[in-house]
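Participant: Got a structure for you, questions after.
Only the coordinates and a few stated rules stand behind these numbers; no lab work does. Computed from a predicted structure; not experimentally measured. Using ideal geometry, Cβ is built from the backbone for each residue, glycine included, and neighbour counts are taken over all protein chains shown.
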C-alpha cells in the first residue's frame with residue numbers, strides 16, 4: 001500500500017514546489033554552450049515581462065488616472081479576497097482528504113486517491129461552464145425545477161460561484177502537498193507524542209499539524225495564485241476580478257498602456273503572495289524527516305467512515321460527476337437539436353498543432369535547463385531555476401499582454417503568428433518539462449556518462465548513445481504534460497493566437513460566455529477527456545519519480 | 001605547455017608531478033607526486049576525504065589540475081591550461097557504483113568502447129571469458145548480482161586495452177562474502193591482462209592484499225609509497241603506522257640504532273637518516289609482545305592489567321594498562337587466550353626490529369576525516385565500515401575512542417605531513 005500511496009504523492013507536484021535544495025558550492029564550471037542555451041531561455045522568459053515594465057513606466061496620465069481610480073482598488077480587493085477565500089477553501093477540503101486517503105481505513109481508499117486528485121486537471125473554465133450549465137438560471141437544475149413549478153434559485157454568478165469553482169479546481173494542490181508530507185513524515189513522531197501522554201487529537205494538533213504547516217502553506221499558495229490569475233472561470237461567472245478587468249480594458253481601449261499597468265499590478269499581487277508564503281514558511285522552518293521507515297498506523301474510522309465517505313463523495317460529485325454529467329446532458333441535447341459537430345473539428349486540429357509544437361519545443365528547451373540544474377548545481381543553476389519557476393507564477397493574462405506588446409513593438413514580424421504562440425506556450429510550461437527531465441536525469445548517475453567518456457566517446461556521442469536514450473521516458477512524460485497543459489491554456493491563446501485560430505479552450509470559453517451551452521458542450525467534453533488522460537499520465541509519472 | 005607530448009620513459013604508466021587541486025577553499029591535492037610503473041598495481045590508501053578519488057579523477061581527465069602535470073603512458077595529458085579530454089586518454093575507469101549503461105546488455109556494455117575495432121566480437125568474447133561471464137552476455141545490468149555487475153564494469157574498462165585502469169573503491173558496493181573472493185579474482189584478472197592499475201580504497205586489508213605497492217595518503221599528500229610488507233613493518237610516519245594495522249607508539253630513548261623502551265631495547269631498521277636520536281616513539285605491533293599471566297601473590301610493579309579484550313576468531317587482542325597509565329594492545333596466544341578483563345599479565349618484547357619516530361613527527365592521529373580514534377592503538381580502518389575481515393597483514397579493528405597518547409606527548413596531536 002505504501003507504494004500505491006507513493007504514486008499519488010508525486011502527482012503533479014507543481015513546478016513551484018520542485019525547488020532544489022540549495023546546492024553546495026559547485027566545483028565544475030558548466031560548459032559555455034550550455035550556459036548560452038540557458039541564458040537564451042532565461043531571456044525568452046524575462047524579456048516580455050521586462051518590456052511590460054518599460055511600457056507601463058511610459059504610461060501617460062490617462063493611464064495613470066485609470067490606475068488611480070477607486071475602481072482599481074475595488075477590483076484588487078475583490079481579487080485578493082477571492083484568492084484568500086480560495087486558499088482557505090482549498091485547505092478546508094484538501095487537508096482532510098489528504099489525511100483520509102493516507103492514514104485511515106477509508107473504504108476504497110486507492111480509488112478515492114485518484115478521484116480526489118483528478119479535478120486538478122479539469123480547467124477552471126470547464127468547471128465554471130458546467131456549473132452554470134448545471135445550476136445556473138438556464139441550467140439543467142433550474143429547468144427541471146421550473147417544470148415542477150419552483151422559481152428563483154439563488155444566483156451562482158459572482159463571488160459565490162467563483163469561490164466554489166476555483167476551490168473545487170484547486171483543492172488538489174493542498175491535497176497533494178499535504179499527502180506528500182504525510183507520507184514522508186516519520187510516524188514515530190506521533191507515537192512519541194502519544195507515549196508522552198497526548199491523546200489522538202492532541203497529538204495531531206501539537207505534532208502532526210505543525211509538521212504539515214509548510215506543505216499546507218505551499219498548497220494554499222498555489223491555490224491562491226491560481227485564483228488570482230484565473231481568467232476563464234471568473235469571466236464566465238461574471239465575477240469582477242482583476243484579471244478579467246485587464247482583459248476588458250485591453251479589448252475596449254485603444255491605449256493599451258493602461259492594461260499594461262494593471263497587468264503589472266496583478267503580477268505584483270501574485271509575487272506578494274509568493275513572498276508572504278515564503279516568509280511564513282521560513283518562520284516555520286520545519287523539516288520533515290525523510291524516509292519514513294515504516295508505514296504509519298492506519299486509523300480505523302469506525303462509524304465515522306460514513307461521514308468520511310459522504311465528504312469524499314460530495315467533493316468528487318461537485319468537481320467531477322456534476323461537470324461530466326452536465327456536459328453529457330448538453331452534448332446530447334445539442335446533438336438532438338442538430339448542433340453541428342464539425343464545429344469541433346477545426347478547434348481540435350488547431351489545438352493539436354499548437355500543443356504538439358509547444359510540447360516539442362518545450363521538450364528541447366528543457367534539456368539544457370535540466371542539465372545545468374542536475375549536473376552543475378550551484379548558485380547559477382538555482383538562479384536559473386528560480387527565474388523560470390518565478391515566471392511560472394506570472395498570471396497568464398499578464399504574460400499574454402506582455403507578449404502582445406512585445407511582439408507588436410519589438411518583433412512585429414512575429415505578432416499574431418503561430419511561432420510566437422508556440423514559443424509562448426513552450427516557455428510558459430517549460431517548468432513542467434524541465435521537472436520530469438530533471439527527475440529522469442537525476443536517475444542517471446554522473447558516473448555513467450563519465451564511464452562512456454573514458455571508453456573513448458566524445459561528449460556529443462555520449463549524449464546520443466547514453467544520456468538521451470536513458471532520458472527518453474522523462475522527456476516524453478514532460479512533453480506530454482506540456483501538450484496537455486497547452487491544450488487547456490486560455491489567456492495566452494485568446495490574446496496571442498493568430499486571428500481565426502481557435503482552440504478547444506477558446507471555443508468552450510466563447511460559447512459558455514455567450515450562453516451557448518450546447519455549443520460549448522462538445523469541446524468541453526473533449527477537454528474533460530484530455531484532463532483525465534493527463535491525470536492518468538501524472539499518476540504514471542509519479543511512479544517513476546525519485 | 002603542450003599536452004600530449006611524448007616523454008622519455010614510456011615504461012611509466014602514470015606519473016603525476018607536483019599536482020595541486022583545490023575545490024573552493026578546500027585543497028584536495030597538495031604537491032602530489034605519484035608514479036606507476038607499467039604493469040604494476042598500486043593501491044591508493046587513505047581515510048575518507050584525503051583526496052584519493054580526486055587523484056583518480058585527475059588521471060582519468062574528469063578534473064583538471066590547478067598546478068602540476070599528469071602523464072599517462074608516457075604522454076602528457078594534463079597541465080594547467082591544457083588537458084586531453086577523457087575519451088583520448090586511454091584510461092579505463094571502474095566506478096564505485098560500476099556505472100553500467102542500464103539500457104545496454106552485458107555484451108553491449110563491454111563492446112561500447114571498442115565499436116570501431118574490427119575484431120570487436122572476438123575481443124568481447126575473450127573478455128567475457130576472462131571475467132567469467134560467458135553465457136550472460138544478453139542479460140541486462142539490472143538482472144545481474146553486484147559481483148557480476150562489477151565484472152562487467154571491469155571487462156568494459158579493459159576492452160579498449162587502456163594504458164592504465166583506475167578502480168574507485170571497487171569493492172565497497174559488494175557484500176562481505178563476495179569481497180574476499182572477488183579481490184583475489186580481480187588481482188588475477190588484472191595480472192592475466194598485464195594491466196597497469198591504480199585502485200583507491202580506504203580499506204587497508206584491500207590495499208595490502210591486492211597491490212604490489214601501496215601509497216598511503218593523508219590530507220592531499222602521499223605519506224609513503226612502498227610494498228605492503230614495508231608499509232606495515234617500516235612505516236615512515238606515525239600516520240602510516242596507525243592507519244595500517246594496530247600500532248602502539250611507546251616512548252623510547254634512541255641511540256645508535258637501538259631504541260630503549262620501558263620493556264627493553266629494540267633494534268631500529270631503515271636508513272640511518274631515518275633513525276631518530278634521543279627521545280622518540282617506537283612502533284610496536286601487538287605481535288611484538290610476549291604475554292604471560294602474572295604469578296599469584298603480591299602485585300608486582302611490572303604487572304599490566306587487562307582492560308579490554310577483542311576477539312576476532314583467529315586471535316585475541318588485549319589492551320593492557322601499566323600502573324602509570326601507559327596502555328598497549330598486545331596479541332594473546334596459547335594459554336593466555338582465556339585471560340579476562342581485570343587479570344594481570346607480564347609483558348616482554350620479542351626480539352624485533354622496528355622503527356621509531358622523532359617527536360617532531362608527532363603522534364599519529366588521522367585527522368583527515370575528523371576522527372581521533374585510537375591515537376595510540378592505531379586505527380585500522382574508518383569507523384563507519386565494520387564489515388571487513390582481518391587481512392593477513394595485521395589485525396583489524398577500531399580501538400576504543402578514549403585512548404590518548406601518554407602525557408609526555410599530549411601536545412603533539414597532529415601529524416604534519418613530512419616533506420619528501
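Participant: Be a star and scan region B:21-48 for residues whose amide nitrogen sits under 16 Å from the point 7 Å along the Cα-to-Cβ vector of residue B:64.
Facilitator: Correct set: B:21-24.
Participant: If you rank A:411, B:266 by fewest surrounding Cβ atoms within 10 Å, what's the result?
Facilitator: So the residues, fewest neighbours to most, are A:411, B:266.
Participant: From the C-alpha gyration tensor of region B:193-255, pull out the three semi-axes of the equivalent ellipsoid (sqrt of 5λ each), sorted largest to smallest, in whole Å.
Facilitator: After diagonalising the Cα gyration tensor, the semi-axes are 25, 12, 11 Å.
Participant: Go ahead and estimate [θ] at 222 nm for the protein assembly as shown from helices alone: -39,500 (n - 2.57) per DSSP H run with n ≥ 4, summed, over the residue count, rounded to 500.
Facilitator: Value at 222 nm, helices only, nearest 500: -16000 deg cm²/dmol.
Participant: Kirkwood Rh over Cα pairs of region A:405-539 into Stokes-Einstein at 4 °C, 1.567 mPa s: D in µm²/s?
Facilitator: D = 74 µm²/s.
Participant: Nearest 0.05, what FRET efficiency do residue A:145 and residue B:116 give at R0 = 60 Å with Cβ-Cβ as r?
Facilitator: After rounding, the FRET efficiency stands at 0.15.
Participant: Turning to a different aspect of this structure: Using just the alpha carbons, could you tell me how many Å³ per residue the convex hull of region B:18-133 encloses? Before the final figure, lay out the partial values.
Facilitator: Working: hull volume 17.7 nm³, N = 116.
Dividing the Cα hull volume of region B:18-133 by its residues yields 153 Å³.
Participant: Between residue A:386 and residue B:311, what is the label-point separation in nm under the 7 Å Cα-to-beta-carbon projection?
Facilitator: Calculated label separation equals 6.0 nm.
Participant: Okay, moving on. Sort A:202, A:167 by Cβ crowding within 10 Å, fewest neighbours at the top.
Facilitator: Details: A:202 12, A:167 24.
If I rank by nearby Cβ atoms, fewest first, I get A:202, A:167.
Participant: Taking only C-alpha pairs under 8 Å that are 6+ residues apart, what is the relative contact order of chain A in percent? Could you put the intermediate results ahead of the total?
Facilitator: Values: 789 pairs, mean separation 139.9, N = 546.
Contact order relative to length: 26 percent.
Participant: Here is a further query. Quickly work out the residue A:57-to-residue B:294 label distance, labels modelled 7 Å from Cα along the C-beta direction, and quote it in nm with one decimal.
Facilitator: It works out to 8.8 nm between the two label points.
Participant: While we're here: So what is the relative contact order of region A:173-241, in percent, for Cα pairs below 8 Å that sit 6 or more residues apart?
Facilitator: Values: 36 pairs, mean separation 31.2, N = 69.
Reported relative contact order: 45 percent.
Participant: Give me log10 I(q)/I(0) at q = 0.12 Å⁻¹ for region B:12-222, Debye formula, one equal scatterer per alpha-carbon, no solvent.
Facilitator: -0.60
Participant: Which Rg and Dmax, in Å, describe the Cα atoms of region A:121-224?
Facilitator: Computed over the Cα atoms of region A:121-224, radius of gyration and Dmax are 20.6, 62 Å.
Participant: Using only Cα atoms, figure out Rg for the protein assembly as shown and give it as a multiple of 2.2 N^0.38 Å.
Facilitator: 1.20
Participant: Based on the Cα gyration tensor of region B:267-311, what are the three equivalent ellipsoid semi-axes, each the root of five times an eigenvalue, rounded to whole Å and given largest first? Don't skip to the end; give the middle numbers.
Facilitator: Working: eigenvalues 196, 43, 19 Å².
Equivalent-ellipsoid dimensions as semi-axes: 31, 15, 10 Å.
Participant: Once the convex hull of the C-alpha atoms of chain A is built, how many Å³ does it hold per residue, rounded to a whole number?
Facilitator: Given the Cα convex hull of chain A, per-residue volume reads 172 Å³.
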